[in-house]
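Let me begin by presenting the structure, written as structure tokens, before commenting on it.
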Amino acid sequence: MTLRLAINGYGRIGRCLLRALHESPYRDTYRVVAINEPADLASIEYLTRFDSTHGRFPGVVESAPSTLIIDGHAIAVSHETEPEAVDWAALAIDLVIECSGRYGSREELQRFIDAGCPRMLLSHPAASADDVDATIVFGINHETLTGTEQIVSNASCTTNAVVPVLDLLDKAYGVDQAILTTIHSVMNDQPLIDGYHHTDLRRTRSAMQSIIPVATGLARGVERLLPGLSGRVQAKAIRVPTLNVSAIELALTMREAVDTGAVNQLLAKAAHGHHQGRLAYTEQAHASIDFNHDPHSAVIDGGQTRVGGEHLLSLLIWFDNEWGFASRMVDVLHHWHHRWPTTSSLDSSQDHPQ
């Protein structure tokens with residue numbers, strides 16, 4: 001059976017997701033059959049074929065009227081700005097992956113369900129935990145998925161990067177307080193030169209000329225996944241003029257005494273054990289570019305681990321905020337799909353022409 005997928009919003013994450021599915025071992029199980037993106041088809045084809053960050057698409061990219069063609073497989077392309085304007089039911093969609101970031105409340109997301117999308121996977125956090133049936137960080141709580149959910153969030157790239165590390169440290173030593181500083185690559189809500197792009201005045205400044213502090217909901221996202229840390233996590237975010245790969249400077253006070261060697265050993269063991277494929281560990285002299293197109297949610301830079309006294313701990317976590325996150329979306333999709341009831345009407349996908 002091939003599951004029929006649609007991507008709503010074909011920006012950085014939407015395009016990375018299509019490519020991650022194409023490069024994954026599940027490429028014959030999940031077929032993107034529809035894309036809804038306001039941009040014109042010529043631009044969609046071009047930006048699929050050529051990517052300044054991840055290189056050329058590893059396949060044949062073509063187009064026909066209202067169609068993007070990947071290695072001979074047709075993907076229907078629409079250019080609507082409202083969920084109801086797309087006939088999802090006629091496309092026989094099994095699941096829509098919402099990558100526009102425009103929809104966060106239950107009321108907004110329900111519009112897709114009402115318009116014929118049986119299930120949704122979000123590439124961003126919902127407005128509140130109650131607005132989705134589950135918020136998942138793969139490796140932390142993906143086993144809680146039952147298959148009965150309609151709307152699932154994949155949280156954020158930063159949440160996927162830091163939550164597994166916080167969980168390990170809290171279980172081993174007890175986290176008293178944590179301050180997370182995300183050092184994030186530029187995003188497309190920033191202008192190249194000063195302009196009226198945002199109500200946050202800092203985001204009106206040129207993305208490529210300054211280091212720019214911005215607001216972040218990371219602390220709230222962490223507490224959704226690790227409620228035991230509620231009230232003990234603070235977060236800041238700084239945008240820096242690089243295209244991709246971000247970092248988190250994690251400063252913590254621990255309840256039990258820690259030392260550099262023991263902490264690094266704990267994280268390295270997890271990277272080769274329970275969190276293998278999602279968490280990595282290195283002590284090599286890396287720069288951020290070394291992690292471009294890295295599929296891990298987080299890479300611990302053990303050479304930057306520091307301990308002050310016995311209870312103050314500082315860690316540096318690298319992550320490809322595009323490719324790592326898209327890779328976890330594929331993992332969540334695959335795991336969730338295998339929890340769906342086998343008697344579901346969605347399993348009739350093989351009856352539809354590919």
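The values are calculated or read from the model by the stated rules, or taken from the named source; none is laboratory data. Everything quoted here is computed from the prediction, not taken from an experiment. When we count neighbours, we look across all protein chains shown, and the Cβ atoms used for this are built from the backbone with ideal geometry, even at glycine.
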- Which of the following residues is basic (Lys, Arg) and under 20 Å from ASN244 (Cβ atoms): ARG220, ARG203? ARG203
- Item | Lone qualifier among ILE183, ILE179, ILE238 - being β-branched (Val, Ile, Thr), under 19 Å from ARG12 (Cα atoms) and under 22 Å from the mean Cα position of the chain (by Cα) | ILE183
- Go through segment 130-149 residue by residue and tally those that are polar (S, T, N, Q) and not in a loop (DSSP other than H, G, I, E, B). 2
- Test: LEU91 is within 29 Å of SER297 (Cβ to Cβ), buried (at least 18 other Cβ atoms within 10 Å of the Cβ) and either assigned by TED's automatic domain parsing to the domain that holds ARG278 or touching a strand residue (DSSP E or B) at 6+ places or on another chain (Cβ under 8 Å) (or both): no
- When both residues are 6+ apart or on different chains and their Cβ atoms are under 9 Å apart, which pairs have a first residue that lies in segment 230-246 and is in a loop (DSSP other than H, G, I, E, B), and a second that is basic (Lys, Arg)? ASN244/ARG12
- Item | Pairs, first within 16 Å of LEU122 (Cβ to Cβ) and outside any loop (DSSP other than H, G, I, E, B) in segment 84-97, second among the acidic types (Asp, Glu) and at pLDDT below 95, C-beta under 9 Å, six or more apart | none
- Task: Report the residue count in segment 39-56 for those that are under 21 Å from ARG4 (Cα atoms) and in a loop (DSSP other than H, G, I, E, B).
- Result: 0
- Query: Somewhere in segment 100-111, is a residue touching a Phe, Trp or Tyr at 6+ places or on another chain (Cβ under 7 Å), modelled with pLDDT of 95 or more, crowded, with 18+ Cβ neighbours inside 10 Å and more than 30 Å from VAL307 (Cβ to Cβ)?
  - Reply: yes
- Only one of ALA178, ALA129, ALA235, ALA161 is within 24 Å of LEU333 (Cβ to Cβ), of a type in the set (A, V, I, L, M, F, W, C) and modelled with pLDDT of 95 or more; which? ALA161
- Message: I'd like to verify a number: residues in segment 191-202 that are closer than 19 Å to ALA235 by Cβ and touching a Lys or Arg at 6+ places or on another chain (Cβ under 8 Å), how many?
- Response: 0
- Restricting the search to segment 8-41, which residues are aliphatic (A, V, I, L, M) and over 14 Å from the mean Cα position of the chain (by Cα)? VAL32, VAL33, ALA34, ILE35, ALA39, LEU41
- Message: Looking only at segment 150-187, filter to residues that are of a type in the set (Val, Ile, Thr) and part of a strand (DSSP E or B); which one of those is surrounded by the most Cβ atoms within 10 Å (Cβ to Cβ)?
- Response: THR182
- Task: With the condition kept exactly as written, say whether any residue in segment 124-132 is within 23 Å of VAL32 (Cα to Cα) and more than 20 Å from the chain's Cα centre (by Cα).
- Result: no
- Query: For segment 236-245, does any single residue satisfy the condition of being in the same structural domain as GLY302 (by TED's automatic domain parsing), among the polar types (S, T, N, Q) and over 25 Å from ILE136 (Cβ atoms)?
  - Reply: yes
- Query: Within the group GLY147, GLY116, which residue is free of Cβ contacts under 8 Å to residues at least 60 places away in the same chain and surrounded by fewer than 21 Cβ atoms within 10 Å (Cβ to Cβ)?
  - Reply: GLY116
- Message: Tell me whether segment 276-298 contains one or more residues that are out of contact with any Asp or Glu (no Cβ under 9 Å at 6 or more places or on another chain), of a type in the set (Val, Ile, Thr) and either within 27 Å of THR144 (Cα to Cα) or assigned by TED's automatic domain parsing to the domain that holds GLY195 (or both).
- Response: yes
- Message: Considering only segment 335-345, I want to know if a residue exists there that is in the same structural domain as GLU98 (by TED's automatic domain parsing), assigned to a loop (DSSP other than H, G, I, E, B) and surrounded by 15 or more Cβ atoms within 10 Å (Cβ to Cβ).
- Response: yes
- Subset of segment 196-229 [of a type outside the set (S, T, N, Q), assigned to a helix (DSSP H, G or I) and farther than 20 Å from PRO125 by Cα]: LEU201, ARG202, ARG203
- Looking only at residues in segment 258-311 that are within 19 Å of HIS184 (Cα to Cα) and hydroxyl-bearing (Ser, Thr, Tyr), which one is surrounded by the fewest Cβ atoms within 10 Å (Cβ to Cβ)? SER288
